[in-house]
Amino acid sequence: EAEVAQSPRYKITEKSQAVAFWCDPISGHATLYWYRQILGQGPELLVQFQDESVVDDSQLPKDRFSAERLKGVDSTLKIQPAELGDSAMYLCASSPRVPSRVSPQYFGPGTRLTVL
Amino acid sequence: GENVEQHPSTLSVQEGDSAVIKCTYSDSASNYFPWYKQELGKRPQLIIDIRSNVGEKKDQRIAVTLNKTAKHFSLHITETQPEDSAVYFCAASEDTGRRALTFGSGTRLQVQP
């Protein structure tokens, strides 16, 4: 069964350093999402891609976060510089393209970031 | 934007009992409502979803009900088993494919053997 892949699974960094996370969605899935999940809370959307285009990045802190999906397949989320409050689980999800209808999102295992 | 509230935050039941988790949403444009189960250290997994053209959907021991007038939906788990212990998240979105999910804050379900 195809799954969303993410790496690394765990990342420890010091504040002010740069970090990057990678996501490979399920093959053929057009839509890719990056969520942040703080311990004890539900996931919150950071950015949504449709193919290589950003659909929604209204909740992405653009002064320090950036995301790209250059060829419309895999994606990278970057934080520079990292702050203590960025410690969280970063989840990637993907969903297939279904015209005019939402389709289920499938999540990757996440990257747990700890900023010291 | 959409706001989803979920209750209770923790729920403890005896094995074999039923468990009910409730969510309310604010945006009347929302009409897709999935539920995810997240075990400790693992990815959220979709367990059931419902669209607003139906009021109830069942899958074995799991059922979801939707009341669009009151803007609330619920997850029902019958004959609970220890392996049902996990955190459950409800979510909502428009059924257009152009919106991501807005999640509730989660319910930690513990099934006591």
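The values are calculated or read from the model by the stated rules, or taken from the named source; none is laboratory data. Owing to the predicted nature of the structure, the values given are computational and were not obtained by experimental measurement. Please note: Cβ atoms are built from the backbone with ideal geometry, for glycine as well, and neighbour counts cover all protein chains shown. The area values use the complete protein model at the heavy-atom level, side chains included, leaving out ligands, DNA and RNA. Shrake-Rupley method; radii C 1.70, N 1.55, O 1.52, S 1.80 Å.
Take every Cα pair under 8 Å in chain B that's 6+ residues apart, average their separations, divide by the length, and report that relative contact order as a whole percent.
Reported as a whole number, the value is 37 percent.
Ignoring trypsin sites (Lys or Arg not before Pro) that are buried or in helix or strand per DSSP, and keeping those with at most 14 other beta carbon atoms within 10 Å, what is the longest stretch of chain B between them?
Longest site-free region, per DSSP loop and neighbour criteria: B:1-41.
If you take the accessible area of A alone, add that of B alone, and subtract the area of the pair, what total do you get in Å², probe 1.4 Å, to the nearest 100?
1800
Hey, any idea what the orientation-averaged projected area of the convex hull of the stretch B:54-113's Cα atoms comes to, in nm²?
5.1
For a 29 Å ceiling on Cα separation, which of these pairs sit above it: A:62/B:57; A:15/A:71; A:11/A:62; A:11/B:57; A:15/A:62; A:78/B:57?
Distance filter (> 29 Å) returns A:62/B:57; A:15/A:71; A:11/B:57; A:78/B:57.
Mind checking which aspartates and glutamates have their C-alpha under 16 Å from residue B:22, skipping anything on the same chain fewer than 8 residues away?
B:5, B:49, B:56
What percentage of all Cα-Cα pairs in chain A are separated by more than 20 Å?
Considering chain A, 36 percent of its Cα-Cα pairs are separated by more than 20 Å.
So what is Rg over Rh here for chain B, counting just Cα atoms and using Kirkwood for Rh?
Checking Rg against Rh, the ratio lands at 0.96.
At a 1.4 Å probe radius, which order do B:2, B:79, A:1 fall into by accessible area, largest first?
I get A:1, B:79, B:2, largest accessible area first.
If I model the stretch A:53-116 as equal point scatterers sitting on the Cα atoms and use the Debye formula, what is log10 I(q)/I(0) at q = 0.17, 0.21, 0.24 Å⁻¹?
-0.75, -1.07, -1.28
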